[in-house]
1. Express the accessible area of segment 64-177 per residue in Å², computed with a 1.4 Å probe while the remaining protein chains stay in the model.
2. How large is ³J(HN,Hα), in whole Hz, for each residue of segment 160-177 in order, when computed from phi with the Karplus curve 6.51 cos²θ - 1.76 cosθ + 1.60 and θ = phi - 60°, using x for Gly and Pro?
3. Which loop GluC sites (Glu not before Pro) in segment 62-171, with loop taken from DSSP, have no more than 11 other Cβ atoms within 10 angstrom of their Cβ?
4. For segment 27-169, report the % of Cα-Cα distances exceeding 26 Å.
5. Compute the FRET efficiency between Asp35 and Phe135 as 1/(1 + (r/R0)^6), taking r as their Cβ-Cβ distance and R0 = 30 Å, and round to the nearest 0.05.
6. Write down the radius of gyration of segment 110-171 and its Dmax, each obtained from C-alpha positions, in Å.
7. I'd like the FRET efficiency for Glu175 and Arg83, computed as 1/(1 + (r/R0)^6) with the beta carbon distance as r and R0 of 22 Å, rounded to 0.05.
8. Which value, in debye to the nearest 20, describes the size of the charge dipole of segment 28-129 about its Cα centre when Lys and Arg Cβ atoms bear +1, Asp and Glu Cβ atoms bear -1, and nothing else is charged?
Amino acid sequence: MRVSLFFLLLLVILTHGCTQSTNDNQEKISSLNGDISLPAQIKKLTGTDILYIIDKESTLKDTLIDNVQCWRANGDMFFKIDREKYPVYIYTSLMKLEVMAPSTFRIAAYDHDQGQSVESLTGKIKISKNYSSPFPEPDTLQENNLYMVNKSIDLSEKEDLEDKRLQHWWKKVNENQ
């Protein structure tokens with residue numbers, strides 16, 4: 001009987017330790033499974049515009065380009081642009097975004113990467129390359145579109161956003177606010 005009680009107690013201790021470890025590493029495991037991490041930080045931009053920083057190392061800076069107020073993005077972030085006056089300009093190292101209407105979208109655009117993307121849930125966003133290219137034609141994203149660009153092969157592509165992870169993430173973020 002003592003041996004069984006000992007093993008039961010040991011099992012409880014090990015199970016509690018494993019559960020605690022699992023909870024501590026849940027965010028890391030989610031990222032490995034392809035899930036989008038909850039925002040590391042939420043910032044109110046101007047008026048009703050909100051920035052959800054997914055990767056805490058991401059940066060968004062106010063800047064002037066050609067005497068026009070815009071933002072310079074580097075990292076993984078989600079925007080909720082909802083204002084009265086448009087367009088809103090956002091630049092990355094490879095893309096120029098012109099937000100034309102209220103929009104919700106994710107930018108995954110690290111300066112050091114040759115590939116970057118925008119996933120739009122709602123709105124209207126005109127996107128063009130932010131580098132010299134023999135194929136400079138812009139694309140316009142609307143509801144549930146994906147835009148990808150790769151500078152090393154000078155290729156950009158727009159397609160339907162069939163992956164539902166961003167919609168599920170956005171729903172979860174709204175439920176937690």
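1. Numbers: 6100 Å² over 114 residues.
Computed with neighbouring chains in place, this is 54 Å² per residue.
2. Along segment 160-177, the couplings run 5, 8, 8, 6, 8, 4, 5, 4, 5, 4, 4, 4, 5, 4, 5, 5, 7, 8 Hz.
3. Values: sites: Glu84, Glu98, Glu119, Glu143, Glu157, Glu159, Glu162; in loops: Glu84, Glu143, Glu162.
Here the GluC sites (Glu not before Pro) that fit, given the DSSP loop and packing criteria, are Glu84, Glu162.
4. Numbers: 1810 of 10153 pairs.
Counting pairs separated by more than 26 Å, the tail of P(r) holds 18 percent.
5. Values: r = 34 Å, r/R0 = 1.12.
The formula returns an efficiency of 0.35 here.
6. Here Rg and the maximum Cα pair distance are 12.4, 39 Å.
7. Numbers: r = 24 Å, r/R0 = 1.10.
Efficiency for this residue pair is about 0.35.
8. Details: 14 positive and 13 negative charges, 39 e Å.
It comes to approximately 180 debye.
The values are calculated or read from the model by the stated rules, or taken from the named source; none is laboratory data. Small disclaimer: the values here were computed from a predicted structure and weren't measured. Ideal geometry is used to build each Cβ from the backbone, glycine not excepted, and the neighbour counts take in all protein chains shown. Ligands, DNA and RNA are excluded from the accessible area calculation, which covers all protein heavy atoms including side chains. Shrake-Rupley method; radii C 1.70, N 1.55, O 1.52, S 1.80 Å.
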